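Comments concern the structure below.
The values are calculated or read from the model by the stated rules, or taken from the named source; none is laboratory data. The model shown is predicted, which means the values in this text are computed figures rather than measured ones. Note: accessible area is taken over every heavy atom of the protein model, side chains too, but ligands, DNA and RNA are not part of it. Shrake-Rupley method; radii C 1.70, N 1.55, O 1.52, S 1.80 Å.
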Amino acid sequence: FNLQGKYDTEILDKIILINIYNCIGVLFSFFSIIVNILKNDLFSIISLFIGLILLLSNFLYLYKTKKYTTSASILITIITSMLLLSIISPNGNPNSMYLFHTYPIITISLLGLKRGSIISLSLLGITTVLFIFTQSILIKYNIDGKAIISFVIAYLSVYLFIYFHEYIRSNSHQRTEKTMFEAQKSVKEKTEFIANLSHQIRTPLNNIIGITSLLNKTSLDAKQQDYIDTIQASAGNLYTVANSINKMSNLKYETTASNTLSFNLNLTISSTLELFSNQKLSNAKFNFNFSSKIPDKLIGDPVVIKQIFLNLIENFIKNKSTNQISLNIEVKIEKDSKEHIDCVFEISSDKPINIPLKPETNRYESIIKQEKVEIDSAKHIELLDLTITKELIKSNGGEFRIVHNSEKTVYSYTLPLKKVFKTPQKNEEKQDDITIKDTTKHLPTGGEKKSVQLKDSNILLVEDNLINQKIMQISLQNIVGNIDIANNGREALDKFDKKRYDLILMDVQMPIMDGIKTTIKLREIESMTNTHTPIIAITANALMGDRESCIEAGMDDYMSKPFQLQDLIDKMNHYLTKK
């Protein structure tokens, strides 16, 4: 019937079973008709032919309707009638009595314990009464009292066997279903917990990144700049943790926008090590060796450099095999070209660290204990929970590897950095001074369009969190023409009804009316006026399916918190120029 995947497994099994019994009944009836034609038994021929037609009709009924319960009842009625007719037939075959013993198997397997038992025992009672009180049947089948008792015992034996078999199978199925239900409930609860946790992490994290980005645009001395870079690196680590919560086993690193600028690599690493040196509980000593051949100024992302070092050193300290650990840190040049240098960063311990082995990795244990033996670096990265760090290095053009033996553990990686030919002046221009000229350079070129410049645009921010509102207002106040605030979807609809907006920034999770319902309502209003206002979702909902839900509701784009302000500006420009 080609029903795989369309019905529940239990229903599919019932349909298959009915088909099997139907087919067996058709074949049995067909061959019995041939036998009775040879015997010239007209009564049996007619009754069997009618039964054959009914069985074929039941097969077609099941094929057309898929109503397995009704089809099962029809099948049982046909079989019951044919068995009783075989008894009262003038030329009945004594061998047909053996067919009665299959009846409990068919009825209980198709109708279940309760209905199957009632019908099976009812047929046994009717048949026994016919045997006892119908003299012609006793003579025809040559039945005496002992034969009747033997028949009843055999019938009851088959009935009890199939009854207990079905009872055990049914109970086992119920237990399995209960276990599956509890497992599904547990998974649902965990998924909801992860979704809430992700939302709670991303909202304040977005605020931290937003504030540090604003501070980074102000006039800072070297020490203040280093503190801001460290905060950004830590926020970047937390961002990757939020991503790993969402991605789970299907991990894929998503990098934020690069903070590429001219920086001093030596000072960047030294200030990161200083964080751990000031922590008395870290029990770590550092021997730092920085190659004199590396230029004082390089172009790259100092936040990423800090982020990687924070991850690796914390990992060393967390997995140290002794109370005190000494780390040798060496930075040198691997390749040197006219415009780029490839720097090698190597962090090694004076003693091997503890690698947390999982049960399935015990086969590596004997190899790990051997002296001066390097094993699969990728396996070590997985065991030490450094996959995110590896992806971070890889996304910045580098390569990460681990060497572990009985004497020490070494983390090494390469990163490409650009050389500085003309010392660029750090852009001290404040965030408030950013103009549309700075943000339109990433826009795609195209034909002439009626566009709205950001500095002239009228934006509606739909956001219930007061801190988020404040940060967005501060970040965009001198970039866009006007920003109106709506605290929930209902307020957004009221404002939209009274004023025309060029673009809407929409939160998703809000009280009174959420962003999804609000967008659907807005699109219904616009369908009557043949207009379209771009809507960009800005939300902490970042699990699988959240983007699809926003787009399906009618939003034009989606950004998950935390995000880089420049990415948002680029998207706003894109949709404003599409108008």
Exercise for the section: Determine Rg/Rh for the stretch 476-579; Rg is computed over alpha-carbon atoms and Rh is the Kirkwood hydrodynamic estimate from the same atoms. Expected result: 0.93
Practice task
Kindly write out, for the stretch 68-80 in residue order, the coupling ³J(HN,Hα) from the Karplus curve 6.51 cos²θ - 1.76 cosθ + 1.60 (θ = phi - 60°), rounded to whole Hz, with x marking Gly and Pro.
Solution key: 5, 5, 5, 4, 5, 5, 4, 4, 5, 4, 5, 5, 4
Practice task
Taking each pair of different alpha-carbon atoms in the stretch 33-79 once, compute 1/r for the pair, average those values, and report the inverse of that mean as the Kirkwood hydrodynamic radius in Å to one decimal.
Solution key: 11.6
Problem - Interchain or long-range residues, amide H under 5 Å from Met513's placed H - result: Gly489, Arg490
Fill in the blank from the handout: Calc'd 3J(HN,Hα), the stretch 391-396, phi into Karplus 6.51 cos²θ - 1.76 cosθ + 1.60 (θ = phi - 60°), Hz, glycine/Pro = x, comes to 5, 5, 5, 4, 5, 9
Practice task
Report, by chain and number, residues whose modeled amide H sits under 5 Å from the one on Lys285, excluding near sequence neighbours (fewer than 5 apart, same chain).
Solution key: Ile325, Ser326, Leu327
Practice task
Collect residues whose amide H, placed 1.01 Å from N in the peptide plane, falls under 5 Å from the amide H of Glu399; neighbours closer than 5 in sequence don't count.
Solution key: Thr414
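Of Lys285/Lys408; Lys114/Lys178; Lys499/Lys561; Lys285/Lys320; Lys217/Lys470, which sit over 23 Å apart, Cα to Cα? Please list the in-between numbers first.
Numbers: Lys285/Lys408 15 Å; Lys114/Lys178 21 Å; Lys499/Lys561 28 Å; Lys285/Lys320 12 Å; Lys217/Lys470 17 Å.
In this structure, Lys499/Lys561 lie more than 23 Å apart at Cα.
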Practice task
On a C-alpha basis, how far is the centre of the stretch 279-331 from the centre of the stretch 497-537 in Å? Whole number, if you could?
Solution key: 49
Fill in the blank from the handout: Here the tail fraction of P(r) beyond 18 Å, over all Cα-Cα pairs of the stretch 453-506, rounds in percent to 26
Problem - Phi to ³J(HN,Hα) by Karplus 6.51 cos²θ - 1.76 cosθ + 1.60 over the stretch 110-121, Hz, x for Gly, Pro - result: 8, 9, x, 5, 5, 5, x, 5, 4, 5, 4, 6
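Could you please put Thr212, Thr414 in sequence from largest to smallest accessible area, using a 1.4 Å probe?
Largest accessible area first, the residues go Thr414, Thr212.
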